[in-house]
Amino acid sequence: MQQARGLGGWLSRIAPRAARGAVTIAILPDSKVKALNKRFRGLNHATDVLSFPSSAQDHSGVRKGPKFLGEIVIARGIAQKQAKNLAHATKIELRVLALHGLLHLLGYDHEVDDGKMARAEARLRRKAGLPLGLIARAS
């Protein structure tokens, strides 16, 4: 991943080797995430994190900078509530959500992959010193 400051910079430092490219991270109001969730997933509620993998293909054979992996959208209010409920800083929750979103951009899908994403998330959480991730919390 391309080096950056803040949340993006942190994510690039702990990302798996497969994450070679750039991502966009947007932290939005819950209402905006709800609208995106409804539009793209048909679910009429906000969620903590959404991932939109890039479908752009460069067929020219000429590399024009880092590959674009996609976009991660995080619901600010939900992240703040989850952080409070779990007794850690919002900064930590944003990292948990960004990591989860990145794994989805890399093609992981915890709903159908027999634990592959959960294992990757757990390994990267340990590397980063993060508390329980989304998959571990749900089980």
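Cβ-Cβ distance of Ser54 and Ala89, R₀ of 30 Å, FRET efficiency by 1/(1 + (r/R0)^6): the value works out to about 0.50.
Spin-label pair Asn44-Ala122: with each label point 7 Å from Cα along the Cα-Cβ axis, the two points sit 3.8 nm from one another. Of the labelled options (i) 27, 17, 13; (ii) 23, 18, 15; (iii) 34, 16, 12, which one gives semi-axes √(5λ) of the Cα gyration tensor in Å as computed for this structure? Recomputing semi-axes √(5λ) of the Cα gyration tensor in Å here picks out (ii). For the range 6-138, the share of DSSP beta bridges that are antiparallel, to the nearest 5, is 40%.
Taking the Cα of Arg13, stepping 7 Å toward and past its beta carbon, and measuring to each backbone N in the range 103-139: which are under 17 Å? Only 124-131 fall inside the zone, counting backbone N under 17 Å.
Coupling constants for the range 24-39 follow from the phi torsions by the Karplus curve (6.51 cos²θ - 1.76 cosθ + 1.60, θ = phi - 60°), and in residue order they are 10, 10, 10, 10, 10, x, 3, 4, 5, 5, 4, 4, 5, 4, 5, 5 Hz; glycine and proline get x. Estimated purely from DSSP H runs of n ≥ 4, each contributing -39500 (n - 2.57), the mean residue ellipticity at 222 nm for the chain is -14000 deg cm²/dmol once divided by its residues.
The range 69-87 and the range 5-46 have Cα centres lying 10 Å from one another. Highest GNM mean-square fluctuation, the chain, Cα pairs closer than 10 Å: which of Leu50, Leu103, Leu36? With Cα springs under 10 Å in the chain, the top fluctuation among Leu50, Leu103, Leu36 is at Leu36.
Taken together, the values in this text are just the output of simple stated rules run on the coordinates, not laboratory data. Since the structure is predicted, the reported quantities are computational estimates derived from the model, not experimental observations. FYI the Cβ positions are ideal-geometry reconstructions off the backbone, even for glycines, and counts take in every protein chain you see.
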